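Engineer: Mind having a look at this structure? Questions to follow.
Values quoted throughout were computed directly from the atomic coordinates according to the rules given, and no laboratory measurement underlies them. None of these values were measured; they are calculated from a predicted model. With ideal geometry, Cβ positions are generated from the backbone for all residues, glycine too; neighbour counts draw on all protein chains shown.
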Amino acid sequence: MAFDAQLKMTGPVAKITLTGSLDAASAPQFKEVIEQAAAQTPEKVVLFMEKLDFLASAGLRVLIFAKQKMGAGVDIYVVGSQGPVLGTLEMSGFHHSVYIQDSWAEA
Amino acid sequence: MNPLRLPATLDALEEIGNYVIEAARQAGLDQKASYALRLAVDEIATNVITHGYEEAGTKGDITIVGEITDAALTVTLTDQGVPFDPLSHRLPEEDDLALPLEERQIGGLGIMLVINGVDAFSYRYENGSNLNVFAMNRRSFP
């Protein structure tokens with residue numbers, strides 16, 4: 001499936017919905033959306049991954065970039081990641097750097 | 001299966017991924033195995049495209065072929081780019097120093113995803129070609 005990343009700001013929360021396959025070919029597109037989100041100086045970043053069907057290490061690299069770009073005070077949430085994608089995140093130790101959740105509830 | 005030969009650019013990754021998915025389907029691999037194989041091939045193909053050709057400033061092709069036996073599905077990636085052994089991490093010194101910390105870690109991470117995911121992986125350089133070979137065992141039916 002073709003990759004897409006849609007950004008929506010809800011107050012100070014940057015919400016990005018990811019669709020399709022994220023690898024070296026699509027990572028630059030994701031990185032650009034992260035930059036757009038960072039320009040909004042959000043307090044939180046939520047990545048909705050229910051529709052992400054594939055995640056390669058190039059995508060993980062953008063997650064690291066996001067963490068650095070947003071700054072230490074901004075929490076990053078990964079919501080709804082599917083089996084193998086979640087498996088990759090955990091195998092790579094990302095559950096130490098981002099909050100992995102099944103769902104997102106507005107505060 | 002018939003080999004698929006493509007120009008080694010990032011655009012090739014999608015077709016390579018589709019080829020692996022189809023090979024896994026023909027071999028009867030389950031979803032988890034199919035995904036792991038697709039990921040491993042994507043990681044290595046990405047290295048071939050970026051390190052083997054792009055960074056060297058050259059262009060070339062990458063070929064993928066799947067072979068199904070009773071025991072396993074074997075996928076072989078072949079290219080004529082710079083000799084690049086993904087298992088070695090032997091980067092030239094200046095390049096190594098130039099890489100930010102996160103890059104170095106991620107390089108190892110991609111290879112870790114390969115090795116942890118597939119049942120067998122090997123690399124060799126032969127007659128001017130890099131050969132990356134992945135194997136996934138087929139489930140034995142009673």
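Engineer: Ordered by residue, what ³J(HN,Hα) values in Hz, to whole numbers, does region B:24-38 give under the Karplus form 6.51 cos²θ - 1.76 cosθ + 1.60, where θ = phi - 60° and Gly and Pro are x?
Structural biologist: Whole-Hz 3J(HN,Hα) from phi for region B:24-38: 5, 5, 4, 7, x, 6, 6, 4, 5, 5, 4, 5, 4, 5, 4.
Engineer: Stick to Cα atoms and the Kirkwood definition of Rh, then tell me Rg/Rh for region A:1-56.
Structural biologist: Numbers: Rg = 11.0 Å, Rh = 11.3 Å.
Radius of gyration relative to Kirkwood radius: 0.98.
Engineer: Output wanted: per-residue J couplings in Hz (rounded whole) for region A:74-83, from phi through Karplus 6.51 cos²θ - 1.76 cosθ + 1.60, θ = phi - 60°, x for Gly and Pro.
Structural biologist: Computed from phi, the couplings for region A:74-83 are 9, 7, 10, 10, 10, 10, x, 5, 7, x Hz.
Engineer: Residue B:62's amide H: which non-local residues (gap 5+, or another chain) put their own amide H closer than 5 Å, with H modeled 1.01 Å from N in plane and none for Pro or chain starts?
Structural biologist: B:6, B:8
Engineer: Taking the beta-carbon count within 10 Å as an exposure proxy, list B:44, A:34 from fewest neighbours to most.
Structural biologist: Taking fewest neighbouring Cβ atoms as first place, the list is A:34, B:44.
Engineer: If you don't mind, there's one more thing I want to ask. So how strong a dipole does the protein assembly as shown carry about its Cα centre when Lys and Arg Cβ are +1 and Asp and Glu Cβ are -1, to the nearest 20 debye?
Structural biologist: Details: 18 positive and 33 negative charges, 97 e Å.
That gives a dipole near 460 debye.
Engineer: Report the FRET efficiency, 1/(1 + (r/R0)^6), for residue A:95 and residue B:123, where r is their Cβ-Cβ distance and R0 is 35 Å, rounded to 0.05.
Structural biologist: On the way: r = 30 Å, r/R0 = 0.87.
The pair residue A:95/residue B:123 has a calculated efficiency of 0.70.
Engineer: Another question about this same structure. Report the relative contact order of chain A, percent, no decimals, based on alpha-carbon pairs under 8 angstrom and at least 6 residues apart.
Structural biologist: Values: 184 pairs, mean separation 26.8, N = 107.
This gives 25 percent for chain A.
Engineer: Summarise the long-distance tail of P(r) for chain A by giving the % of C-alpha pairs beyond 18 Å.
Structural biologist: Numbers: 2297 of 5671 pairs.
Across chain A, Cα pairs with separations above 18 Å total 41 percent.
Engineer: Testing the spin-label approximation: label points 7 Å from Cα along Cα→Cβ at residue B:116 and residue A:102. State their distance in nm.
Structural biologist: Each label point lies 7 Å from its Cα, and together they span 2.3 nm.
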